[in-house]
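Working notes, beginning with the structure itself.
The values are calculated or read from the model by the stated rules, or taken from the named source; none is laboratory data. What you see is a predicted model; the values in this text were computed from it and never measured. All Cβ positions, even for glycine, are placed from backbone atoms using ideal geometry, and neighbour counts span all protein chains on display. When the accessible area is computed, the model is the full protein with side chains, heavy atoms only, and any ligands, DNA or RNA have been set aside. Shrake-Rupley method; radii C 1.70, N 1.55, O 1.52, S 1.80 Å.
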Amino acid sequence: MTIDKSLFIRALRKEKLSTPPIWYMRQAGRYLPEYRKIRSKFRNFLDMCKDPDVCCELALQPMNRFNLDASILFSDILTIPDAFNLGVEFKEGEGPVFNNPIKNKAIIRDLPRFNPQDLSYVYKCVENLRASLPPSIPLIGFCGSPWTLAAYSIEGSSSKDFGFTKKFISENTEEVHELLDAYTNACFLYLKEQAMSGINAIQIFDSWANLLNESDYKIYSLNYINDLVRKLKMDKITSNLPIIVFARQPAGGIGQFSHVSLDCISLYWDESIDKSISILKNNTAIQGNLDPKILKEDNSVIRKEVKLIIDKFKDYPGYIFNLGHGITPDIDPDKIKFVTDTVREI
Ligand code: 1CP
């Protein structure tokens, strides 16, 4: 079987299928003992991301365990800010910390030019993975949305409300747009290199979509996602790659994406399926959206919730089973096996 005939690519082409393709956000990660074993050898998570052989092995771990329908590159969205010399570090047990965050507008004016070759360790991982995966299994490449990357870069770490970032964008609007432009261009060049190295689809993570009100969301995030998607759809090397966008609780809802030429929307776990189906009107494939917290419940509860979702998408052209956000470190891997088996059996 070729990639084009795989369930995942057929769903992204909006074909109605009797069994949906299955993969999970954060399918590689701390909930897997085999991941934790390798992770313990690195102090800084980003050092691990810079080792293409290790990243290839990490991406294959969930594929070997659960026989999933798509693989995702093992890396992180913060490789791009790191390539802009913002000094990204992940200390064990902490989130990301930037040694040189964007704390004033002069830093934006003086940002280095993005050199996509600074991230060649990522492209090498894509090459290794493409060569190791069965030829019928699609490989997903990814990046953060320009806005989500900017929010981390300005705040200098993760945060509950990104208060400094919100103040910064209202006081330095012009420079923030320069930053968003630079990140959009970097995301495009980065994904293009991933495409040349062998990815078969793209996911853009707008994980901090929820920080902005409706009009600011359009100005600071949606416009740049739009621009990125347009660049990808116009370039010979990337134009054939289906594009998925995951946006967490964007003010103004997911209907805004129907004006962007996307292939698939990945629904956050609190998004209503019925409403999403009626808004997207069969024009866009849908991915999602089991609440990751359900994975803590008994198998009978999990089965009921999975069945509810599968039933709702029964007649939808282009459905991909996934969670509504990433697998958390406290999940028992057997629950992922149970969900996967249940989806295929139903
Ligand atoms: O210490 C560790 O072991 C690090 C845990 C970890 C892992 C496994 C991080 C730190 N990143 C990753 C891998 C990762 N990150 C992948 C590939 C793995 C897979 O999906 O199988 C992907 C696609 C990402 C993307 C990513 N990184 C996102 C978008 C998805 C989402 O969850 O919303 C975000 C927001 C990040 C930032 C990030 N990376 C890691 C942390 C702790 C954080 C910060 C999260 C926060 O701000 O709360």
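Figures for the structure shown
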quantity: Some residue of the stretch 61-80 being over 22 Å from GLN194 (Cβ atoms), within 13 Å of the ligand (Cβ to nearest atom) and open to solvent by 20 Å² or more (accessible area, probe 1.4 Å); calculated: yes
quantity: Residue match in the stretch 14-27 (condition: surrounded by 15 or more Cβ atoms within 10 Å (Cβ to Cβ), more than 9 Å from the ligand (Cβ to nearest atom) and among the acidic types (Asp, Glu)); calculated: no
quantity: Total residues in the stretch 311-329, condition buried (at least 16 other Cβ atoms within 10 Å of the Cβ) and either outside any loop (DSSP other than H, G, I, E, B) or in contact with a His (Cβ under 8 Å, 6 or more places away or on another chain) (or both); calculated: 6
quantity: The listed residue being within 12 Å of the ligand (Cβ to nearest atom) and surrounded by fewer than 18 Cβ atoms within 10 Å (Cβ to Cβ), out of SER170, SER207, SER145, SER158; calculated: SER158
quantity: Pairs with Cβ under 6 Å, 6+ apart, first in the stretch 83-108 and more than 16 Å from the ligand (Cβ to nearest atom), second among the hydroxyl-bearing types (Ser, Thr, Tyr) and open to solvent by less than 30 Å² (accessible area, probe 1.4 Å); calculated: ILE102/SER153
quantity: Unmet requirement for PHE42, which otherwise passes all of (1) surrounded by 15 or more Cβ atoms within 10 Å (Cβ to Cβ); (2) in contact with a helix residue (DSSP H, G or I) (Cβ under 9 Å, 6 or more places away or on another chain); (3) modelled with pLDDT of 95 or more; calculated: (3)
quantity: Identity of the residue in the stretch 173-190, more than 28 Å from TYR123 (Cβ to Cβ) and open to solvent by less than 30 Å² (accessible area, probe 1.4 Å), that ends up nearest to the ligand (Cβ to nearest atom); calculated: VAL176
quantity: Verdict on SER258 being closer than 23 Å to ILE202 by Cβ, within 16 Å of the ligand (Cβ to nearest atom) and of a type outside the set (A, V, I, L, M, F, W, C); calculated: no
quantity: Test: LEU179 is in a helix (DSSP H, G or I) and farther than 22 Å from LEU222 by Cβ; calculated: no
